[in-house]
1. When you scan region 123-134, do you find a residue that is at pLDDT below 90, in contact with a helix residue (DSSP H, G or I) (Cβ under 8 Å, 6 or more places away or on another chain) and either among the charged types (D, E, K, R) or buried (at least 16 other Cβ atoms within 10 Å of the Cβ) (or both), even just one?
2. For region 155-193, name all the residues that are surrounded by fewer than 13 Cβ atoms within 10 Å (Cβ to Cβ), within 18 Å of the chain's Cα centre (by Cα) and among the basic types (K, R).
3. Can you confirm whether region 138-154 contains a residue that is small (G, A, S) and surrounded by 15 or more Cβ atoms within 10 Å (Cβ to Cβ)?
4. Could you list, in sequence order, all residues of region 155-181 that are in a strand (DSSP E or B) and under 21 Å from A49 (Cβ atoms)?
5. State whether one or more residues within region 116-131 are on the phi > 0 side of the Ramachandran plot, in contact (Cβ under 8 Å) with a residue 24 or more places away in the chain and more than 15 Å from the chain's Cα centre (by Cα).
6. When residues of region 56-110 are filtered for being more than 12 Å from L131 (Cβ to Cβ) and either of a type in the set (G, A, S) or part of a helix (DSSP H, G or I) (or both), how many remain?
7. Checking the structure you have, find out if any residue of region 90-108 is among the aromatic types (F, W, Y), surrounded by 13 or more Cβ atoms within 10 Å (Cβ to Cβ) and more than 16 Å from the chain's Cα centre (by Cα).
Amino acid sequence: MTGFKTYTLAASLMLSIVAGPTALAQSQTNQLSEDHVLADGELTNEELAIVLLTAEKDLNSLLDKAIASVESDVEAAGVFRPRAWMIMKDKEIKEVIFADEASQAPPEMKLHMIRVSLKSLARHDGIDSALIVYPGTIQKDDESQRVVVVEHEHRLGVSGTKLIPMELSGGKVAFGGALSQKKPFQIFYDKKQ
């Protein structure tokens, strides 16, 4: 079985900073002290590298939690349900937990509730990053392949989707190489008009 740590976001981290790094910096300047690195409204290459490393570290922490949970659920029951994790402002990782009534909702409704909850937290500056996992399938040469769909976003301007092939054999889960795709922001920022 391939370990989940091999599916880090490093190889395919997709940077989708809204209107570029300068716009991200400028959107923050009105809330910053004069000596803050973003106070001038510009990001140097070094500052941008730090931003990317921070986002990568946060998202990899969330991915580790998510894949471990998926692996455990699939090995126990053969399936997994939509779930989400977030990094709070204090860097604590928390899972999105449904109320008793909502836990019985169909998977599509759970995904909608997760996205709405995360968007509300993000828009009220409660979280720095979020990751959602749910089951999916992809077609390849007339065969269906089970995948773990991973949607991730970070306040620092990173957004993407990963499709991680998954097989259950002999009670153990094996994961294939992740396929990465761009994804518009849904949680932290609105699409540009």
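1. Looking through region 123-134, none of the residues is at pLDDT below 90, in contact with a helix residue (DSSP H, G or I) (Cβ under 8 Å, 6 or more places away or on another chain) and either among the charged types (D, E, K, R) or buried (at least 16 other Cβ atoms within 10 Å of the Cβ) (or both).
2. Those that are surrounded by fewer than 13 Cβ atoms within 10 Å (Cβ to Cβ), within 18 Å of the chain's Cα centre (by Cα) and among the basic types (K, R): K182, K191.
3. Taking every residue of region 138-154 in turn, none turns out to be small (G, A, S) and surrounded by 15 or more Cβ atoms within 10 Å (Cβ to Cβ).
4. Scanning region 155-181 gives V158, S159, G160, S180.
5. yes
6. 20
7. yes
The values are calculated or read from the model by the stated rules, or taken from the named source; none is laboratory data. Note that the structure is a prediction, hence the values are computed from the model and not measured. Heads up, the Cβs are rebuilt from the backbone with ideal geometry, glycines too, and the neighbour counts pull from every protein chain shown.
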